[in-house]
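Here's the structure we're looking at; comments come further down.
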Amino acid sequence: MWILIWTGIGILAAFGMVAVVFLRRGFIARGGGTIESSLRLSTMVTGRGWAPGFARFGADEFLWYRMFSLAFGPRRVLARRGLAVESRRVPDGPERLVLPDDWVILRCRSQQENVEIAMAESTVTGFLSWLESAPPGAANSKRRWRTT
């Protein structure tokens with residue numbers, strides 16, 4: 001009898017954790033501006049180290065969240081000010097097994113480190129537009145006129 005009770009509690013806990021993962025995604029995406037992406041967390045082995053996730057465009061930050069995590073905070077935060085795309089390539093070798101066919105890999109340089117972000121070809125334009133623009137009145141926007 002006790003085995004059935006503990007098995008039921010275990011199954012209920014597992015379903016609860018799965019529900020939290022899905023509710024977390026909805027909670028984070030509630031503000032809009034999210035894309036599916038993968039981030040290369042480890043570069044020790046060529047072509048390996050990719051983690052699936054999703055990213056959210058903030059006013060001045062690129063917030064990346066792991067897909068299957070219980071943490072509500074982002075795993076990586078990249079500031080727009082110091083972020084620049086160095087190169088763009090298609091997945092190669094073992095990367096083709098973990099990344100979808102229509103995705104590209106962007107090698108970016110940030111103030112802290114170099115990072116590789118994989119995303120769908122269709123979202124790259126939006127990412128580059130976000131990277132090059134800034135909201136009106138932001139500290140890093142360039143003024144093209146003079147006020148007297």
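Some points to look at:
- Counted residues, the range 71-99 - those being of a type outside the set (K, R) and not in a loop (DSSP other than H, G, I, E, B): 10
- Between G16, G47, G31, the distinction of being on the phi > 0 side of the Ramachandran plot and modelled with pLDDT under 90 belongs to G47 only.
- Pick from the range 41-75, criterion among the aliphatic types (A, V, I, L, M) and within 10 Å of the chain's Cα centre (by Cα), ranking: farthest from P94 (Cα to Cα): L63
- Any hit, the range 58-68, residues being hydroxyl-bearing (S, T, Y), without any contact (Cβ under 8 Å) to a residue 60 or more places away in the chain and over 26 Å from T125 (Cβ atoms): no
- When the test is whether a residue is modelled with pLDDT under 90, of a type outside the set (A, V, I, L, M) and either assigned to a loop (DSSP other than H, G, I, E, B) or under 15 Å from the mean Cα position of the chain (by Cα) (or both), S38 does not pass it.
- When residues of the range 65-78 are limited to those that are touching a strand residue (DSSP E or B) at 6+ places or on another chain (Cβ under 6 Å) and over 12 Å from V115 (Cα atoms), the one surrounded by the most Cβ atoms within 10 Å (Cβ to Cβ): Y65
- Contact annotation: no residue pair with Cβ atoms under 9 Å, 6 or more positions apart or on different chains, pairs a residue in the range 73-101 that is within 28 Å of L23 (Cα to Cα) and without any contact (Cβ under 8 Å) to a residue 12 or more places away in the chain with a partner that is surrounded by fewer than 13 Cβ atoms within 10 Å (Cβ to Cβ) and of a type in the set (S, T, Y).
- The range 100-141, subset farther than 15 Å from G82 by Cα and in a loop (DSSP other than H, G, I, E, B), residue modelled with the lowest pLDDT: G137
The values are calculated or read from the model by the stated rules, or taken from the named source; none is laboratory data. All figures in this text were calculated on a predicted structure; none of them were measured in a lab. Note that we place each Cβ from the backbone using ideal geometry, even for glycine, and neighbour counts take in every protein chain shown.
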